[in-house]
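The values are calculated or read from the model by the stated rules, or taken from the named source; none is laboratory data. What you see is a predicted model; the values in this text were computed from it and never measured. Virtual Cβ from ideal backbone geometry, glycine too; neighbours counted across all protein chains shown. Heavy atoms of the whole protein, side chains included, go into the accessibility calculation; ligands, DNA and RNA do not. Shrake-Rupley method; radii C 1.70, N 1.55, O 1.52, S 1.80 Å.
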Amino acid sequence: ISSRFSQDAAYQQHERGELDAAGSFAALRGCLGLDLSDEEFLEGWNDLYLGPCDGIEPLLRNRLHE
């Protein structure tokens, strides 16, 4: 799967908020050759995040107080 993934135009549009999640998932289905529902994509994507990255909490606190 990783060899078929790229930060293509659809990826960039999604990152800029120009393409919604459904559009992004549709593009991913095409480039990755997967037959997953939007719900399955979302579940898999959310499973990638297991918790905050080490050291991020102090950085976020500092940004809130700037």
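Within the set of pairs 6+ apart or on separate chains, which have a first residue in the stretch 19-38 that is free of Cβ contacts under 8 Å to residues at least 24 places away in the same chain, a second that is in a loop (DSSP other than H, G, I, E, B) and exposed (fewer than 14 other Cβ atoms within 10 Å of the Cβ), and C-beta atoms under 9 Å apart?
Close Cβ pairs (under 9 Å, with a partner that is in a loop (DSSP other than H, G, I, E, B) and exposed (fewer than 14 other Cβ atoms within 10 Å of the Cβ)) amount to Phe25/Ser37; Ala27/Asp8; Leu28/Phe5; Arg29/Asp35.
Could you please find all residues in the stretch 33-53 being of a type in the set (Gly, Ala, Ser) and more than 13 Å from the chain's Cα centre (by Cα)?
Gly33, Ser37, Gly51
Applying the selection to the stretch 1-23, what residues are open to solvent by less than 100 Å² (accessible area, probe 1.4 Å), out of contact with any helix residue (DSSP H, G or I) (no Cβ under 9 Å at 6 or more places or on another chain) and either assigned to a helix (DSSP H, G or I) or not small (Gly, Ala, Ser) (or both)?
Gln12
What is the residue count in the stretch 37-57 for residues that are open to solvent by 60 Å² or more (accessible area, probe 1.4 Å) and outside any helix (DSSP H, G or I)?
6
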